[in-house]
Amino acid sequence: MATAAAEVAAVGTAAAATAFRYNRENYMFDQGLRWGRFTTGYSMAMAQAAMYREDIRDLTAFTVTKADTYHTVGVIFFVLNFQLIMAGRLGVHGPSPPGWLLGLYWTNICSALMFLVTFTWMAMHAAARATAGAAYMLTRHVRLPIPTPAMLDKARKTGNTYEQQRVADVFRVPFAMPAPQHVEEDPDTGMQMPKSDRRMPKWYRDEVEQLGGKGDGAAATAPEQNPEHFELYRGLQNEWWAHDVYSRIGVLYFMSHWLTSASLYSMCHIFTELRCIWPAYTVTACFVAAHRGVLTLDIVHKPREGGSVMCLPVEKVVPYIPFLCVVGMTIDYSILTPSPVWTGIIYTLAWVCYIIELAYALRLYDLAAPCVQMQEREEAPGRPWWPQEWPLPPAFEGIVYMVAAPKRSEQPCLQQEMKAAKGKTGYEVPAKRARGAPPPTIAWKLFRGALITTISMWVLIIIGRAFEQVNGERWLLKQENRMERWPSHMQPWMSPWTRKGARDEMCHAGGCDRRLSNVEPGQQDLAVAAQRLASALGPIADALEGHAIAQRATTTPSPNYATTRSQKVAWPAELRPALLAPSADGALVALEAGRKGALLREVGAAAAASAASFVIEGIEELGEIMGAVWVREGLVVTTIGGSVAECGGLPEAGVWSCRRVGAPTLLLPEGMAVAAAGRSAQTGRLQAAVVFEGEESIVLFEADEDASEWLPAGEVHVPHTPHTAGAAPHLTMTPSGEELIISFHDGLVLQRSLTAGEQRIETVAPPRAALGKHWHSACGFGGKRIAHLATPPGPGAAPELFVSSASA
């Protein structure tokens, strides 16, 4: 008996231990799921909050982008509008147009300016307020839901909490012992009623209640509420949506008036100044077509609830006003004999235009008036949407492109579910955040003021036209010395008070009294004759000066001319130099454009001069060489790209290393024909001589190595002779930078001092074209001697070096 009891006890103990271990493993597994559920939920909530922040940026960028577009249009047309009002004003460069047309023109152009200012400022307000609202939302409300350390500790469970569980859950035998039901007291009967048919361990129900749930084993769900940021942002949009809408309507109203005024201005210019007829019709047709297209595209003829004050679609007629005006201008400026019939036709066309304009101003007021929607608009993909409480003008629903924050969202809001799980039955925007204010009316009031001003201008101009037609055109102004031109305008204007009694009293501002001319006719003719005489004598003076220089070079040759001889040089193979640069000690450098050269020693001796070949390296990317000057620091070369490089010292092992100096390039938009740069021995600054394409003079520049640009230092005018005409000369400088050597293709060599006060050009070598050689660069070296490179005729001919002896 005792043995049986012991066996039963052992079996029960083993079963209890097995159930304990089984349930504890389930508990530990569920705690891992608990932590994963907590971190995953907050990760998703933070990702959703980041998406909400992007929603705020997108809605704001939509408004700001539209405002930027309106600003761009406004800035451009501010200039164009003032050009029509000021720089191109009518009656200044020609006779004044008729008064009936000026009334139409000035009312339209001033109305355009008024709407231009209005929509620009409204767009500025909308963009600034939307940006401020977005910054407020992003920095205060739409934030990432990051859990606190206390929340993390609450979500975490340790293993010893298993000891706090119910005995039934700790020793529950699977399949044999189901988990107990969760019951609660019925408030009506007071009896314990099962809360759910689902049987779950208590630790699971505790998890649901602690981390977000209803305590019945089901996950908590939030009521169907719109995300908070949409509600808040739509409340903020209530402060600028009207400015956004009326700025876009203002763009249309401005463009409508500007197109009409531009058409009227064009026909006035064509009739009064160009004195043409048919171009006025073609220009008018272009403006009329553009005006009609803009109005058709922007205005939607949608019936207004409650009726309309001005239901006539005047916008379909108003673009054709310039056609009526151009017909009236044709009659007014024609060769027809003045008669009451033709005058009546002109005035009839004018009155039709004024009546249409007044009706159009009333129609614009009616179209822009706000209208309350009777029911909520349905949302459609890609279509604008705004709430029912925003009274937008129905005629412009297709062009305002308004997108408000939605009132419904199909995606559940995780943050609202978290708040609902914490015991709240629903979620509502707090009262301090809600913006249930009435629709803003300040934007409509401002825009309405502009519309009333336009209507008032048309009423006033119509009254003025009636007065003018009854009493005569412009008879309220001073009438003395007026010449009349039928039927409705006088040409020219009467003279102002300051012009009475003057010789040009009867001249208009575009005729003999030009603003930029105060010269009497006789004096003006004398000035024109003097200018023509100077232009005719200029080439003669240049030819005489060149002839004198050539004659002096022929009749009084320098002692250097007679003793010029060919210097023997052992030129390196394949070297064809075209540039020469002397050193202070009498050596020469001969270069070709491809950066190959030779260093010549013992130049001027009876024996052949030695030539050590070298290659310039380090400036391959700067292009070919067009000029070279040997200064104290080394060789300064100028490339075809306008860059200046310096080769220090002497060549080593046949290589002369160079580097680009920090001075800017000499290349200008016109391009260079030839250039040479060196360094002044006195100041150490870089100096350059440049001949530009198509020019004969030589421009001098100076610059520091760290300067940002070359500064002009002077200009050398080369006498125009048959020897100096044609190809650009070769330029080089002496090592000291005090002399500029100019050599031409026929052997003529000129020398010009670069020091202050010395501006005389001296001929140091006469033309030698008779020798049949092509002359290249020349340079001065040692005792005012001249070295000159030449190439004999024939392919593959070796270069020759000519050297003159010292001057006596």
For the pairs 407/445; 66/445; 596/784; 596/773; 316/407, flag any whose C-alpha to C-alpha distance is greater than 32 Å.
316/407
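Quick one: which of 632-638, 25-31 comes out on top by average Cβ neighbours within 10 Å, and what's the full order, highest first?
632-638, 25-31
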In the range 580-636, what is the volume of the convex hull around the alpha carbon atoms, normalised per residue and reported in Å³?
78
Two-decimal Rg/Rh of the range 261-398 from alpha-carbon positions, Kirkwood Rh?
1.14
Any residue on another chain or 5+ positions along whose placed amide H is under 5 Å from the amide H of residue 276 is listed here as 271
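For the range 123-172, which trypsin sites (Lys or Arg not before Pro) are in a loop by DSSP, counting at most 16 other Cβ atoms within 10 Å?
Taking the range 123-172 and a limit of 16 other Cβ atoms within 10 Å, the loop trypsin sites (Lys or Arg not before Pro) found are 143, 156, 166.
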Any idea what the dipole of the range 255-403 comes to, in debye rounded to 20, about its Cα centre with Lys/Arg Cβ at +1 and Asp/Glu Cβ at -1?
400
Output ordering of 611-624, 343-356 (per-residue mean of other Cβ within 10 Å, highest first) is 343-356, 611-624
Applying the Karplus parametrisation 6.51 cos²θ - 1.76 cosθ + 1.60 with θ = phi - 60° to the phi angles of the range 368-378, what ³J(HN,Hα) value in whole Hz is obtained for each residue in order, glycine and proline being reported as x?
8, 5, x, 9, 6, 7, 7, 8, 5, 6, 7
Give me, ordered by chain and number, the residues 5 or more places off residue 774 or on other chains with an amide H under 5 Å from its own placed amide H.
791
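Ranked highest first by average number of other Cβ atoms within 10 Å, how do 316-327, 277-288 line up? Present the calculation step by step, with values, prior to reporting the outcome.
Numbers: 316-327: 20.2, 277-288: 16.6.
So the order, starting with the most tightly packed, is 316-327, 277-288.
Just so you know, all these numbers are worked out from the coordinates, no wet-lab data involved. Predicted, not measured: the structure shown is a model, and the values here were computed from it. Here Cβ is always computed from backbone atoms with ideal geometry, including for glycine, and neighbour counts include all displayed protein chains.
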